[in-house]
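Every number here is computed from the coordinates shown, using simple stated rules; none is lab data. These numbers come from a predicted model, not from an experiment. Cβ coordinates were reconstructed from backbone atoms using ideal geometry, including for glycine residues, and neighbour counts include every protein chain displayed.
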Amino acid sequence: MKHWDLFLAPYKQAIEELKIKLKGMRSQFEMDSTHSPIEFVTGRVKPIASILDKANQKGIPLDKLESEMQDIAGVRMMCQFVDDIKRVVELLRQRNDFEIVEERDYISHKKASGYRSYHVVIRYPVQTIKGEKKILAEIQIRTLAMNFWATVEHSLNYKYKGQFPEDIQMRLQRAAEAAFRLDEEMSLIRGEIQDAQAFFTRKKEKQQKGEN
């Protein structure tokens, strides 16, 4: 494909806009002095080499990338607790600045590798000098523990090109279950954690007022 910069420009614009909008949701919770289900938001446009690799693996023609590759633009929303993921998904469903095309629940139905996350594929309108262009983007919502596991698994997958040694595969699956158990334990003491965080926030605000 020629002119990759031109092709990827709307995806880069979409990522920047989505990060601002979704981070804004977190700020609104903070201003309302209520628990934010969103811990932080990151985003990226898939590197050209990764796009070509995936297109080759999935048999996607390069002239069909816009319609058949859903994660060229990717956003991750991190949550403290598993229940927060459900809240974030509901918030996304209520928005009218993009259209939800597909949802995939890898938390209730984990992948064989142990991967857990909730994926929301959206069609997002990008405003360009030539008019509106709608592109596909994928939003992944997961806990911090799920994200740690997924990041490690992704690095190992790149190293072994998807062909994990049996002992590594077994340890990854054990680690995935350990991460999920951590999420479950944290959910059981959620109230205590949130009370402690609220106490710390109030204390910090008092200190800042005293300094002023």
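If you build the convex hull over the alpha carbons only and average its shadow over all orientations, what do you get for the range 72-113? Give it in nm² to one decimal.
On the way: hull surface 16.4 nm².
Averaged projected hull area, Cα only: 4.1 nm².
Can you give me the Cα centroid spacing of the range 83-110 and the range 1-77 in angstrom?
Rounded to whole Å, the Cα centres lie 15 Å apart.
Distance in nm between label sites at Ser113 and Glu185, each 7 Å beyond Cα in the beta-carbon direction?
2.5
Whose amide H sits under 5 Å from the amide H of Thr143, counting only residues 5 or more places off or on another chain, with H placed in the peptide plane?
Residues meeting the criterion, in which the H sits 1.01 Å from N, are Cys79.
If you line up the Cα atoms of the range 65-137 on their principal axes, what length do they span on each, largest first, in Å?
The Cα atoms of the range 65-137 stretch 43, 26, 17 Å along the principal axes, largest first.
Please enumerate, by chain and number, the aspartates and glutamates with C-alpha under 15 Å from the C-alpha of Lys86, excluding those fewer than 8 residues away in the same chain.
Glu39, Glu103, Asp105, Asp183, Glu184
Remind me, relative contact order of the chain in percent, using alpha carbon pairs under 8 angstrom and six or more residues apart?
Values: 267 pairs, mean separation 39.5, N = 212.
Computed value for the chain: 19 percent relative contact order.
How far apart, in nm, are two points set 7 Å out from the Cα along the Cα-to-Cβ line at Arg44 and at Lys134?
2.9
Could you sort 154-162, 132-140 so that the peptide with the highest average Cβ count within 10 Å comes first and the rest follow in order?
Numbers: 154-162: 11.4, 132-140: 18.7.
So the order, starting with the most tightly packed, is 132-140, 154-162.
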